[in-house]
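S.K.: Before I ask anything, here is the structure I am working with.
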Amino acid sequence: MKKIGVLISGSGSNLQALIDAVDKGRIPAEISLVISDRPNAYGIERAKNKGIPACTILRKKFDDYNAFNLAVLEKLMAHKVEYIVLAGYLSILSSELVRAYPNKIINVHPSLIPAFCGMGYYGKRVHQAVLDYGVKVTGATVHLVDEGADTGPIILQKAVDVLPDDTVESLAERVLKVEHELLPKATALLVQDKLKVLGRKVIIMD
């Protein structure tokens, strides 16, 4: 059984979507490790409730960012993780970590990349920026992770209409539902080696 490591920072609702998809047989793999970079992240409890090994690795306990990422990488390798899913993970991965898993790391982002993405665009900041700009459509994106911030090739996207009376909270709720749909689907494609990368294009193979 192929092994997935999931990196989180918060409540872990996307992690729960992955857990549910594994339980239903939609992802032919096991989640062998969950790591949080934030203390008291509820996602850790979600993992423990399913008997999934889980731990917290805090940036502030390391001298620099590379040492922090090395600790994450060592933990992933110790659990024989083959694929990594970033499910609301707020830390930037080091080049060394990305290179250790070429085209085997995916991330979900709450907008239609390349709009409203990159450094500083995370969580509710994304939805606030969408509303401030006045766009009519936003959505969610799952992409492969490279050494940039939200710059990897796109696997799946789905649009969400921005309604005239939307608030950050109402828009975030609808986009999150799409994230819960796309992330398990992309993870299943990833672990079944159905993604062919041609430059910036990702071809989904039958």
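The values are calculated or read from the model by the stated rules, or taken from the named source; none is laboratory data. These numbers come from a predicted model, not from an experiment. Counting neighbours? That spans all protein chains shown, and the Cβs are built from the backbone with ideal geometry, glycine included.
S.K.: Scan segment 182-189 and tell me whether some residue there is in contact (Cβ under 8 Å) with a residue 24 or more places away in the chain, touching a Pro at 6+ places or on another chain (Cβ under 9 Å) and basic (Lys, Arg).
M.R.: Scanning segment 182-189, I find no residue that is in contact (Cβ under 8 Å) with a residue 24 or more places away in the chain, touching a Pro at 6+ places or on another chain (Cβ under 9 Å) and basic (Lys, Arg), so the answer is no.
S.K.: Now a separate question. Only residues that are closer than 18 Å to GLY120 by Cβ, part of a loop (DSSP other than H, G, I, E, B) and in contact with a Leu (Cβ under 9 Å, 6 or more places away or on another chain): list them for segment 151-170, please.
M.R.: GLY152
S.K.: Also: For segment 90-101, which positions are over 30 Å from VAL137 (Cβ atoms), out of contact with any strand residue (DSSP E or B) (no Cβ under 9 Å at 6 or more places or on another chain) and not hydroxyl-bearing (Ser, Thr, Tyr)?
M.R.: Answer for segment 90-101, where residues must be over 30 Å from VAL137 (Cβ atoms), out of contact with any strand residue (DSSP E or B) (no Cβ under 9 Å at 6 or more places or on another chain) and not hydroxyl-bearing (Ser, Thr, Tyr): GLU96, ARG99, ALA100.
S.K.: Something else: Out of VAL6, VAL34, report the one residue that is part of a strand (DSSP E or B), without any contact (Cβ under 8 Å) to a residue 40 or more places away in the chain and closer than 24 Å to SER94 by Cα.
M.R.: Within the list VAL6, VAL34, the selection yields VAL34.
S.K.: Moving to a separate point now. Taking the residues in segment 178-204 that are over 14 Å from the mean Cα position of the chain (by Cα) and of a type outside the set (A, V, I, L, M, F, W, C) as candidates, determine which candidate is surrounded by the fewest Cβ atoms within 10 Å (Cβ to Cβ).
M.R.: Here the answer is GLY199.
S.K.: Check GLY123 against each of (1) under 16 Å from ASN69 (Cβ atoms); (2) modelled with pLDDT under 95 and name the one condition it does not meet.
M.R.: (1)
S.K.: Only one of these conditions is not met by THR138: (1) in contact with a strand residue (DSSP E or B) (Cβ under 9 Å, 6 or more places away or on another chain); (2) touching a residue at least 12 places away in the same chain (Cβ under 8 Å); (3) within 20 Å of TYR89 (Cα to Cα). Which number is it?
M.R.: Evaluating THR138 over (1) in contact with a strand residue (DSSP E or B) (Cβ under 9 Å, 6 or more places away or on another chain); (2) touching a residue at least 12 places away in the same chain (Cβ under 8 Å); (3) within 20 Å of TYR89 (Cα to Cα) leaves (3) as the failure.
S.K.: If you don't mind, another one. Got at least one residue in segment 81-104 being at pLDDT 95 or above and touching a Cys at 6+ places or on another chain (Cβ under 8 Å)?
M.R.: No.
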